[in-house]
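Derivation of every value follows stated rules applied to the coordinates shown; laboratory data play no part. Everything quoted here is computed from the prediction, not taken from an experiment. Cβ: placed from backbone, ideal geometry, glycine included. Neighbour counts: every protein chain shown.
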Amino acid sequence: MHIGVACKNDSLASSLASWIPRENKVVRLDSTSSLPTSCIDLQLDVMFYEALYPTRAEYATWREISKTQTTDLVLITPHMDHFKELVPNIYRVLDGTEEQLSHNVLNTLTRIRKDRLLQPKHSIAMPMYGESIVVMNGKKIVLTRTEMATLRVLVEAKGRYVTANQMVHLIWGDTGVGKKEDLYVYISRLREKIEDNPSKPRLIISSRGFGYTFTGKISIQNQSTIFY
């Protein structure tokens, strides 16, 4: 695995590097550099980032890293719940105390490696409660909240067709906000993101008079699995 370490504290960065097994390639990065670009250019599998005093710019950086298809972002901070709430698209938040980090770093790396090895080739792993990332063919795909809700309706139908009217009701309820035209837009957006060839969909299939069905293999994961 290619692992990036970006810490404000040099001693913490050195400690992290020492806890990462030697078979992994570790790159030390400046926490003020363009980390999202570095993640892509260096093809990093994991980025460890020290997050003691978050700023708006740092939140923006973390979100950009979380959107890359190749890099899992791991924040190191004593404020675990706070960061989970504000930055949901991360692999994990580690407790920043010296007593915990060594054990947690090794466990996190083991879990990331295991998740990738176990990920079926043609499936989507969906978080249970509204996070905005799904994993397909081992790659992370960022979805909006409504795109996620649309996909979940199809997934939970378990291969059955769902009519457009039923989908509108399940996604937007009786609020009067959603219409069939809105549904068609979100179906099109989903196909653009998850289909190999959106013009010839093989996962989200439509049939006149029946509606839509999802034909892929699905693994629905709960929140604890996403954050571990």
- Note on the structure: Label model pair L106, A60: point-to-point distance (7 angstrom along the Cα→beta-carbon line) in nm is 4.0
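What does the charge count around H2 come to, taking other residues whose C-beta lies under 14 Å from its C-beta (Lys +1, Arg +1, Asp -1, Glu -1)? Could you put the intermediate results ahead of the total?
Values: positive: R22, K25, R28, R113, R116; negative: E23, D41, D45, D72.
With Lys, Arg at +1 and Asp, Glu at -1, the neighbours total +1.
State the extension gain, in nm to one decimal, for the chain segment bounded by E181 and K139, taking 0.36 nm per residue of separation less the distance between their alpha-carbons.
Numbers: separation 42, 0.36 × 42 = 15.12 nm, distance 2.94 nm.
The span from E181 to K139 would gain 12.2 nm if fully extended.
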- Among K193/K217; K140/K200; K140/K217; K67/K139; K8/K114, which pairs are too far apart, with a Cα-Cα distance over 18 Å? K140/K200; K8/K114
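Work through the residues other than K140 whose Cβ is under 10 Å from its Cβ and net out their charges, Lys, Arg +1 and Asp, Glu -1. Intermediate results must be reported in sequence, preceding the final value.
Working: positive: K67, K139; negative: D72.
Once all neighbours under 10 Å are counted, the net charge is +1.
Quantify how much of the Cα-Cα distance distribution of region 2-118 extends past 19 Å, in percent. Can you show the working numbers first?
Working: 2683 of 6786 pairs.
Taking all Cα-Cα pairs of region 2-118, the fraction more than 19 Å apart is 40 percent.
Which FRET efficiency value, to the nearest 0.05, do you get for N197 and R113 by plugging their Cβ-Cβ distance into 1/(1 + (r/R0)^6) with R0 = 41 Å? Before the final figure, lay out the partial values.
Numbers: r = 31 Å, r/R0 = 0.75.
Here the calculated transfer efficiency is 0.85.
Using the Kirkwood radius built from alpha carbon pairs, what does the Stokes-Einstein equation give as D for region 139-221 at 37 °C and 0.692 mPa s, in µm² per second? Don't skip to the end; give the middle numbers.
Values: Rh = 13.0 Å.
The calculation lands on 253 µm²/s.
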